[in-house]
Amino acid sequence: MIKLYENGAYLINGTELVEYNGEADKIVESKTGKKVTKDDAAKNTMAYSILESHNTSGNMDKLKIKFDKLTSHDITFVGIIQTARASGLEKFPVPYVLTNCHNSLCAVGGTINEDDHMFGLSCAKKYGGIYVPPHQAVIHQFAREMLSAGGQMILGSDSHTRYGALGTMAIGEGGPELVKQLLNRTYDINMPGVVGVYLTGKPRKGVGPQDIALAIIGAVFKNGYVNNKVMEFIGDGVDNLSVDYRIGVDVMTTETTCLSSIWKTDTQVKDFYAIHGRPDAYKELNPGDVAYYDGMIYVDLSQIKPMIAMPFHPSNVYTIDELNANLYDILDEVEKKALVSLDSAKVKYTLKDKVINGKLYVEQGVIAGCAGGGFENICDAADILDGKYIGSDEFSLSVYPASQPVYLELVKNGSIAKLMETGATVRTAFCGPCFGAGDVPANNGLSIRHSTRNFPNREGSKITNGQIASVALMDARSIAATAANKGFLTSAEYVDADFKKPKYFFDGKIYENRCYFGYGKADPSVDIKFGPNIVDWPKMEALTDNLMLKVVSVIHDPVTTTDELIPSGETSSFRSNPLGLAEFTLSRKDPAYVGKAKKVQLAEKARVAGELDNEALDDFKLFADALKDKFSADLSNTGIGSVIYAVKPGDGSAREQAASCQKVLGGWANIAHEYATKRYRSNLINWGMLPFIFEDEIPFDKDDYIFVPGIAKAVADKVSEIDAYIVNKNFEKFTLKLGELTDDERTIILKGCLINYYKA
């Protein structure tokens, strides 16, 4: 059972909840003997304490955070370091871990991937970083084992940067936010709201952390209950969960669109740090005697059943029992939802053909990555499959331990042998299945995965080529139960398994012998190793007085993910090549976008070069006289660029390329009803793009021209509402909003991007 409080709530002595209303203060006073206000009690959350200790502004309403440590992987760290180098980087000021868990296979694009790895190693030597070679660990498992610490904060260039279960507040952001930290700048945000997650009871047998996480996501995603807030896990139920189990719940908080997470800590967390050879990293964390939360999610763990998130979002949740009992009705609903984001003219999408003799058949199971590849998940899966086999039909099962130390211990305790005997394959640490670079299902296939996301095409299929496959998210235990049933969907609740729960022993020698630990050992004499695909960012112009924007794409889907803005799997090899990567922008959602954006960009290039007779400027010239008469605008003070409209863009990944690819193709703005995540909006700003908001029915169409007069002055003068005109519709006027911007963010937009800002 999950209950969302309509109001905030007080927590008394960590055990008693009082929902906020007109009498709440008096009730708390009567129970504690102390006068209390919610403003004072809000300072007693764990989140407030950690943020306060990392804030450099002196103002807890306007935070300027400096993080203790940073982490990136090999489809983000090249761009981050290249940006930082262009902005004056001398050495890494804090521990910065560069893992190689996304482009691990080095299988596409010749030498491209390994060139990125050698770039990372040489930068770790030159600037004093920590380098984790391919196949050693996925980014978040290494951070849990070697980087986390109680009361600290970590910033990562991956959306699932979540170590709250270990007492570490971690945030996933776009690369430019890490650049700021590398240059000794700050992470600037308003004080976020803090929502309590009160856990009580104990999970029933067969229910795993993914089940708890999916149930919570299903309750809070659509209503935005925790959007850009911190989720703080409290309650007696926390004590009933192992640390590995807590980690499995915690990593999925990203899919709620919260900003970060933090959990109370106890002796189990203390033992975790001791096992990993870092006992000093433990810190006991608890809320104060009376703490106030802006919202409260009450979760009775004993009532959660094995769950499944159907395509194409982690919030599209059902219990497995519910799905099996109402197969055709639910599959019909899933297919209707899918039509919103799939191009039905190019693909015929159905899941009803998976029903065989009244049961749902799946072709693939995957247990992997930062969510599924944990020690306990794999041990429990092995116990369920012990003595069974997965069959010789279409169904396959792949298991990816999250790190080499985890893999080694699974070998030692026999779990790997159990899995291999069933017909499952066991791989090295790799994030590929989570973003379409590994285990890509067959066309029309259905895959069940203990991983983080199941967005359209994220598993690697391409609608534009007539391909489609589906991913449903499940816990490792129910995936194993399904595998034991040879591919027919089965809840782990009904499996008679003896969960042996072996103790975990961590062998750090694996990292000592293979990873480069260079923090504090920067060597400026080291030459950075480049490959032909590692390319500097192109020059970007400052914001002009006025803007002429051509609407090159209009997306009416309720939510647009970053995977749809820039695809994941097949583009990985080009993440170090801004122009090469930009060719894939919106390729899964609007294949005409790149050509249209480039055409607009040619006009801007001609304008900047003073080539006024260039035919690329012909469209602009049609309106030149009217613009001059109405606004005193001409080619000398009016930039030309492209803009996209989406209802709610930016759900999902933190990767900056969702914005930077638009920028290098001449994009100057997004217009949205709202932005799905803070990190996507930040990426737009850091790449010098205007994050416009328009909350009504849009008055413009694709290919319309929008003129925004005096935009540079409006940004500089902190104007929140800006008049815009649809040029080809008789200058029809409408109003765009910019939302709140910090002074630094305004300057970044005026300069044209973060790189220009630092150069200045």
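FYI, it's all coordinate maths here, none of it is from the lab. Owing to the predicted nature of the structure, the values given are computational and were not obtained by experimental measurement. Here the Cβ positions follow ideal geometry from the backbone for every residue, glycine too, while neighbour counts run over all protein chains shown.
Of the residues THR562, LEU89, PHE734, the one whose Cα sits farthest towards the positive end of the charge dipole of the chain is LEU89 (charges of +1 on Lys and Arg Cβ, -1 on Asp and Glu Cβ, taken about the Cα centre).
Other residues within the sphere of radius under 13 Å centred on the Cβ of GLU656, judged by their own Cβ, net out at +3 (K and R +1, D and E -1). Checking (i) 36.9; (ii) 32.3; (iii) 41.8 against mean projected area of the Cα convex hull in nm² calculated from these atoms, the matching label is (ii). Each Lys and Arg contributes +1 and each Asp and Glu -1, all at the Cβ; summed about the Cα centre of the range 508-588, the dipole is approximately 320 debye. Between 0 and 90 degrees, the angle of helix 77-86 with respect to the longest Cα principal axis of the chain falls at about 40 degrees. If R0 is taken as 41 Å, the Cβ-Cβ distance between SER122 and LYS718 corresponds to a FRET efficiency of 0.45. The angle separating the long axis of helix 327-341 from the principal Cα axis of greatest extent in the chain is about 20 degrees. Seen against the Cα atoms of the chain and their longest principal axis, helix 375-385 is set at about 60 degrees. Between the residues GLN141, ASN324, CYS258, the greatest Cα displacement towards the positive end of the dipole of the chain, with unit charges on the Cβ of Lys, Arg, Asp and Glu, is found for GLN141.
Quick check on the range 67-188: take the gyration tensor over C-alpha atoms, sort the square-rooted eigenvalues as a ≥ b ≥ c, and tell me if it's rounded (a/c under 1.5), prolate or oblate.
Here the range 67-188 falls in the oblate category.
The lysines within cross-link reach of LYS509, meaning a Cα-to-Cα straight distance under 18 Å and a gap of 8 or more places when in the same chain, are LYS412.
Take each peptide in 511-517, 98-104, 720-726, 652-658, count the other Cβ atoms within 10 Å of every residue, and average; sorted highest first, the result is 652-658, 98-104, 720-726, 511-517.
Given Cβ point charges of +1 (Lys, Arg) and -1 (Asp, Glu) and nothing else, what value in debye, to the nearest 20, does the dipole of the chain about its Cα centre take? List each step's numbers first, then the result.
Numbers: 82 positive and 97 negative charges, 244 e Å.
That gives the chain a dipole magnitude of about 1180 debye.
May I ask which of LYS69/LYS521; LYS337/LYS702; LYS3/LYS336; LYS43/LYS737; LYS628/LYS729; LYS62/LYS718 have a Cα-Cα span longer than 26 Å here?
Violating the 26 Å limit, Cα to Cα: LYS3/LYS336; LYS43/LYS737.
Across the range 307-509, the mean sequence separation of Cα contacts (distance under 8 Å, 6 or more residues apart), normalised by length, yields a relative contact order of 29 percent. Packing around the peptides 216-224, 666-674, 21-29, taken as the average count of other Cβ atoms within 10 Å per residue, puts them in this order, highest first: 666-674, 216-224, 21-29.
What share of the DSSP beta bridges in the range 307-509 is antiparallel, in percent to the nearest 5?
So the antiparallel bridges amount to about 35 percent of the total.
Amide hydrogen proximity for ILE566: with H placed 1.01 Å from N in the peptide plane, the residues at 5 or more positions away or on another chain lying under 5 Å are LEU586.
Is the range 546-759 rounded, prolate or oblate when judged by the Cα gyration tensor, a ≥ b ≥ c being the square roots of its eigenvalues, rounded requiring a/c under 1.5 and prolate requiring a/b larger than b/c? Numbers along the way, then the final one.
On the way: a/c = 1.43, a/b = 1.29, b/c = 1.11.
Rounded, because the longest to shortest axis ratio a/c is under 1.5.
On a full-extension model of 0.36 nm per residue, what is the gain between HIS556 and TYR494, subtracting their alpha-carbon distance, rounded to one decimal in nm? Could the numbers behind the result be given before it?
Working: separation 62, 0.36 × 62 = 22.32 nm, distance 4.20 nm.
Result for the pair: 18.1 nm of gain on full extension.
Modelled label positions at LYS539 and LYS733, each set 7 Å beyond Cα in the direction of Cβ, lie 3.8 nm from each other. With K and R counted +1 and D and E -1, the other residues having a Cβ less than 14 Å from that of VAL535 yield a net charge of -1. Counting only DSSP H runs of at least 4 residues, each contributing -39500 (n - 2.57), and dividing by the residue count of the chain, the helix-based mean residue ellipticity at 222 nm comes to -9000 deg cm²/dmol. Per-residue extension of 0.36 nm, minus the Cα-Cα distance of ASP236 and GLU322, leaves a gain of 28.1 nm for this segment. If R0 is 41 Å, the Cβ-Cβ spacing of GLU335 and THR747 corresponds to a FRET efficiency of close to 0.30.
Let me check I've understood the local charge: for PHE233, count other residues with C-beta under 10 angstrom from its C-beta, Lys and Arg +1, Asp and Glu -1. What total comes out?
On the way: positive: ARG246, LYS264; negative: GLU232, ASP250.
With Lys, Arg at +1 and Asp, Glu at -1, the neighbours total 0.
A prolate overall shape is assigned to the range 245-357, the ratio a/c of its alpha-carbon gyration tensor axes (a ≥ b ≥ c) being 1.5 or greater and a/b exceeding b/c.
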